[in-house]
1. Using the structure shown, decide if Ala109 is at pLDDT below 95 and aliphatic (A, V, I, L, M).
2. Mind listing just one residue for me: the one in region 170-179 that is of a type outside the set (Lys, Arg) and modelled with pLDDT of 95 or more and, of those, farthest from Lys66 (Cα to Cα)?
3. Which of the following residues is in a strand (DSSP E or B), aliphatic (A, V, I, L, M) and under 24 Å from the mean Cα position of the chain (by Cα): Val184, Val188?
4. Taking region 210-221, which residues are surrounded by 14 or more Cβ atoms within 10 Å (Cβ to Cβ) and in contact (Cβ under 8 Å) with a residue 60 or more places away in the chain?
5. Could you tell me whether Gly115 is free of Cβ contacts under 8 Å to residues at least 24 places away in the same chain, assigned to a loop (DSSP other than H, G, I, E, B) and not aromatic (Phe, Trp, Tyr)?
6. Does region 87-102 contain at least one residue that is over 30 Å from Gly191 (Cβ atoms), touching a residue at least 40 places away in the same chain (Cβ under 8 Å) and either in contact with a Gly (Cβ under 9 Å, 6 or more places away or on another chain) or crowded, with 16+ Cβ neighbours inside 10 Å (or both)?
7. Within region 118-134, track down each residue that is surrounded by fewer than 14 Cβ atoms within 10 Å (Cβ to Cβ) and in contact (Cβ under 8 Å) with a residue 40 or more places away in the chain.
8. Modelled with pLDDT under 95, outside any helix (DSSP H, G or I), at negative phi and of a type outside the set (S, T, N, Q): which single residue out of Glu204, Glu229 fits that description?
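The values are calculated or read from the model by the stated rules, or taken from the named source; none is laboratory data. All figures in this text were calculated on a predicted structure; none of them were measured in a lab. As a convention, Cβ positions derive from the backbone with ideal geometry for all residues, glycine included, and neighbour counts pool all protein chains shown.
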Amino acid sequence: MDLIKAIDSAQRAQRNYDLSKSIPQNDLDTLIYAAANSPSKQNETHYSLYVYTDQDIIKQIYDNTKKFTLMADEEDTKGLFGVNEKGEYWQDDTYSVKNSQIYANVLFAYVPDEGEARGGTHIAGQQERSSNAMKIYNEQIQYSMGISVGQLILTANLLGYKTGICSALDSRPIKKIVGSKDNVKLLVGVGFDNAETDRRLHQETLNKDVPEKFRTGDLEEHWKFPSFEKHIKVFINGVNT
């Protein structure tokens, strides 16, 4: 039952943390071990980890995650997203808030890292940058980071912590902050929850800071993130259960 509880806890993002506390070194070492030793194809190295407990650095990274877009329906998205003449995706952050699920006691940043490739397709992918092999290799890198994140957040929740995952971020400034040669792809926050506070309340943003139609309470109250449900089809021996 402890495992089921941890799985249920890991499914939901913690949107605010008790930053007055510090994660013990033994637990931090365990979290790093879990993130660095997850399965990958032929045990290839596909990513580097940048781990931070320094709240100043975490805040700098957090300040570049104003990418959670507020929308109630399709009409709200008009003019907020697009692709420029260079084929680059852009987003108008006027209707966005920062992703406070990573403003945590410890922050993990995932950066792609092309280590030694062992599979034939992956070797070709490293050598032939425009080939379909490179596409397959990049997919494997994404799989490996995803597996690591899953192992990390389950470990964290088994240890009694709360977690949040963020891929909506401004990669250019964050890349400079962490000092990596490649863009940060994923951020994972791990920390202590605020026991008496709704996990969905934003760490900083107040209702007065968001457009009126998206407010979730009084102006001086913290804005509340929406909650989403998912429905996974499970087939056992070909039968949908």
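1. Values: at pLDDT below 95: no; aliphatic (A, V, I, L, M): yes.
Criteria not met by Ala109.
2. Just the residues of region 170-179 that are of a type outside the set (Lys, Arg), to begin with: 170-171, 173-174, 177-179.
Narrowing the set further to residues that are modelled with pLDDT of 95 or more leaves 173-174, 177-179.
Details: Pro173: 12, Ile174: 12, Ile177: 16, Val178: 18, Gly179: 20 Å.
Looking at residues that are of a type outside the set (Lys, Arg) and modelled with pLDDT of 95 or more, I get Gly179.
3. Numbers: Val184 fails: in a strand (DSSP E or B).
Every option except Val188 fails the conditions.
4. Val210, Phe214
5. no
6. Start the filter on region 87-102 by keeping residues that are over 30 Å from Gly191 (Cβ atoms), which leaves 87-90, 92.
Within this subset, residues satisfying the condition of being touching a residue at least 40 places away in the same chain (Cβ under 8 Å) are none.
No, there is no match, as no residue in region 87-102 is over 30 Å from Gly191 (Cβ atoms), touching a residue at least 40 places away in the same chain (Cβ under 8 Å) and either in contact with a Gly (Cβ under 9 Å, 6 or more places away or on another chain) or crowded, with 16+ Cβ neighbours inside 10 Å (or both).
7. The initial filter retains those residues of region 118-134 that are surrounded by fewer than 14 Cβ atoms within 10 Å (Cβ to Cβ), namely 118, 120, 127-132.
Hit for region 118-134 is Arg118, nothing else.
8. Working: Glu204 fails: modelled with pLDDT under 95.
That would be Glu229, the only listed residue that is modelled with pLDDT under 95, outside any helix (DSSP H, G or I), at negative phi and of a type outside the set (S, T, N, Q).
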